[in-house]
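Since every read-out is calculated from the coordinates, none of them should be taken as a lab result. It should be emphasised that the depicted structure is a prediction, and the values quoted were computed from it without experimental measurement. Counting neighbours? That spans all protein chains shown, and the Cβs are built from the backbone with ideal geometry, glycine included.
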Amino acid sequence: MKPTTVRQFFQKFPNDDACLEHLFNVRFGQGHVCPKCERSAKWYRLKSEQAYSCQWCGHHIHPMVGSIFEKSRTPLQLWFYAIFLFTTSKHGVSAKELQRQLGVTYKTAWRMACLIRDHMAAIDGDAPLGGAGEVVEVDETFYGGVTTGMDWRERKAVVMGMMERGGDVILKVVPDQQRWSLLPQITNNVKPGSEVHTDEHRAYKKALPVDDYTHKTVNHGQGEYATLDGVSTNQIESFFNHLKKSIAGTHTSVSHKHLERYVKEFEYRFNRRMQPETMLDELLSRFH
Ligand SMILES: [Zn+2]
């Protein structure tokens, strides 16, 4: 299966009504049991509002309520198209770009981008990585700011990445590189029995629970990038390179407050790199 093209997108969603109908079908559907009269019903689209009505009792269902589109005056087709852009981009979508492509205000574009990123993060979830016989690479990277200074807002942000070799990634923005910041992330997100590869950063040394994980290190300080028995953090590092280049290229800079949102957008896309054609359908059908 190939990713949806722009042409296919507009064939499937030619107008706001088609988008609303899609939303009704994926969230409720014909035959949906009416919450009021409790009968399986045929639902009729109302002309006067963006809602459907029960054939028996006339109860209304608003398909946008409880989705990221609730309380938005932006036409649904623009929302769907914005989501389409997020699935086809390799380097992320800025609010500025949405503003330009959709013809909405910057404020609206910014709000849409935040909600879409949060939607991607919620669907992606953080199912633990690894397991017996699996390798999970763990590393951190810095983003923005300065190394020293009293004001934490001016300091570099630390993005921690855990990546199952050949599998999914989980990213977390953590307060610092201290042991107590890094280790709980591993125990929460990496299954016991995994082989954990890190560099020689002292926070990991002798601190990973030895009964749960096999810990192996690669010594970057000595110019080592992979040991002979395959210990490396090359995959997570190459992901970080892509992430940093993309954020710099697309957004110029991102505040610490919103950094986690941006990195989750990249996490979502990376975890679907083997089946990119599923992203649009997934993002337009899972609202909870
Ligand atoms: Zn009813």
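Counting other beta carbons within 10 Å of each residue's own, what order do Thr278, Thr88 fall into, fewest first?
Thr278, Thr88
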Next on the checklist: For the chain, give me every cysteine whose Cβ has no other Cys Cβ within less than 4.7 Å, ordered by residue number.
Outcome noted: Cys19, Cys114
Checklist entry - Is it possible to state the helix-based mean residue ellipticity at 222 nm for the chain, with each DSSP H run of 4+ residues giving -39500 (n - 2.57), the sum divided by total residues, to the nearest 500 deg cm²/dmol? What is it? => result -11500 deg cm²/dmol
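If R0 is 35 Å, what FRET efficiency do you get for Ala127 and Gln30 from their C-beta distance, rounded to 0.05? Could you put the intermediate results ahead of the total?
On the way: r = 33 Å, r/R0 = 0.93.
Computed FRET efficiency for Ala127 and Gln30: 0.60.
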Item to check | Per-residue HN-Hα couplings for the stretch 254-266 [Karplus 6.51, -1.76, 1.60; θ = phi - 60°; Hz; x = Gly/Pro] | outcome: 10, 6, 4, 4, 9, 4, 4, 4, 5, 5, 5, 4, 6
Checklist entry - Simple spin-label model, 7 Å along Cα-to-Cβ: Asp16 to Met1 in nm? => result 2.9 nm
Checklist entry - Under a straight-distance cross-link criterion of Cα-Cα below 16 Å, which aspartates and glutamates are reachable from Lys12, leaving out those fewer than 8 residues away in the same chain? => result Glu21, Glu277, Asp281, Glu282
Checklist outcome for this item: Of all GluC sites (Glu not before Pro) in the stretch 3-89, the ones in DSSP coil with at most 11 other Cβ atoms within 10 Å are Glu38, Glu49
Checklist entry - So in the chain, what percent of DSSP beta bridges are antiparallel if you round to the nearest 5? => result 70 percent
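Would you mind ranking Lys244, Lys90 so that the residue whose beta carbon has the fewest other beta carbons within 10 Å leads the list?
Going from least to most buried by this count: Lys90, Lys244.
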Checklist entry - How high is the relative contact order of the stretch 84-207, in percent, counting Cα pairs under 8 Å that sit 6 or more residues apart? => result 24 percent
Checklist entry - Which of Arg179, Arg202, Arg155 moves the most in a Gaussian network model of the chain with Cα springs under 10 Å? => result Arg202
Checklist outcome for this item: Computed about the Cα centre, the charge dipole of the stretch 135-251 from +1 Lys/Arg and -1 Asp/Glu charges at the Cβ has a magnitude in debye, to the nearest 20, of 320 debye
Checklist outcome for this item: Residue-ordered couplings for the stretch 236-248, obtained by feeding phi - 60° into the Karplus form 6.51 cos²θ - 1.76 cosθ + 1.60 and rounding to whole Hz (Gly and Pro as x), are 5, 5, 6, 4, 4, 4, 4, 4, 5, 5, 5, 4, 5
Item to check | Likely footprinting exposure, Trp56, Trp79, Trp180, fewest C-beta neighbours within 10 Å first | outcome: Trp180, Trp56, Trp79
Next on the checklist: Give me the one-decimal Kirkwood hydrodynamic radius in Å for the chain, with the sum taken over alpha-carbon pairs.
Outcome noted: 21.4 Å
Checklist outcome for this item: Any trypsin sites (Lys or Arg not before Pro) in the stretch 1-85 that lie in a DSSP loop and have at most 16 other Cβ atoms within 10 Å would be Lys36, Arg39, Lys42, Lys47, Lys71, Arg73
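State which entries of Lys156/Lys257; Lys42/Lys71; Lys2/Lys42; Lys205/Lys245; Lys47/Lys107; Lys90/Lys172 exceed 24 angstrom in Cα-Cα distance in the structure shown. Walk me through the intermediate numbers first.
Working: Lys156/Lys257 12 Å; Lys42/Lys71 26 Å; Lys2/Lys42 34 Å; Lys205/Lys245 30 Å; Lys47/Lys107 30 Å; Lys90/Lys172 20 Å.
Table pairs above 24 Å Cα-Cα are Lys42/Lys71; Lys2/Lys42; Lys205/Lys245; Lys47/Lys107.
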